[in-house]
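The values are calculated or read from the model by the stated rules, or taken from the named source; none is laboratory data. Keep in mind the model is a prediction, meaning the values are calculated, not measured. Every residue, glycine as well, gets a Cβ built from its backbone with ideal geometry; the counts of neighbours run over all protein chains shown.
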Amino acid sequence: MYVDDILITWSNSIALQKCIQDLDDHFAIKTLGYVNYFIGFEAHKTANGLYLTQSKYVLDLLKKASMQDCKPCDTPLISGFSFTDKGEQFSDPTLYRNLIGSLQYLTHTRSDISFVVNSLSQFLSSPKMEHWLACKRLLQYLKEYNWFGASFSTYGMVFL
């Protein structure tokens, strides 16, 4: 058996050490200590638990799209907007596909973008300019509502 990455948390440090020891008795493991960044998630340890966010991941997405300096917006999609398969072809479908795939991974902590990401993913084979513009708007929304200055318990996952 091969496991590339595993994160184990426990509120009881003695039980945590016992679990790690049991794993080490049966498998070759390497314990790296406290986690800071794990498969796209930032980890922040507080007295209440371990909070996971993807704020760095959002910044990396903005850079990938060359939108780190974009103007933020309040909503992920224009109200009443519906996607069609008509219109001008987007010139870089590979960029579109990469960003939509990355946005799908982001929905683990951002359920507020699930509908838009799902809608945009239906046009991966032949993205149009309207799809690209909607993707850019979604990225602008993510810039506006990234986790900076917000409570991690509001947008992250809590493991106690």
Among 8, 78, the single one that is of a type in the set (Val, Ile, Thr), part of a loop (DSSP other than H, G, I, E, B), free of Cβ contacts under 8 Å to residues at least 60 places away in the same chain and farther than 30 Å from residue 115 by Cα is 8
Can you tell me which residue in segment 86-97 is modelled with the lowest pLDDT, limited to those that are at negative phi and outside any helix (DSSP H, G or I)? 86
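For the subset of segment 34-51 comprising residues that are polar (S, T, N, Q) and part of a loop (DSSP other than H, G, I, E, B), which member is farthest from residue 10 (Cα to Cα)?
Initial filter on segment 34-51 (polar (S, T, N, Q)): 36, 46, 48.
Narrowing the set further to residues that are part of a loop (DSSP other than H, G, I, E, B) leaves 36, 48.
On the way: 36: 16, 48: 12 Å.
It comes out as 36.
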Among the listed residues 9, 53, which satisfies the condition of being of a type in the set (Ser, Thr, Tyr) and over 30 Å from residue 133 (Cα atoms)? 9
Quickly run through segment 84-96 and pick out the residues that are within 22 Å of residue 143 (Cβ to Cβ) and loosely packed, with under 15 Cβ neighbours inside 10 Å. 92
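Residue-wise test of (1) modelled with pLDDT under 95; (2) in contact with a Leu (Cβ under 7 Å, 6 or more places away or on another chain).
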| site | (1), (2) |
| --- | --- |
| 63 | no, no |
| 99 | no, yes |
| 112 | yes, no |
| 126 | no, no |
| 131 | no, yes |
| 141 | no, no |
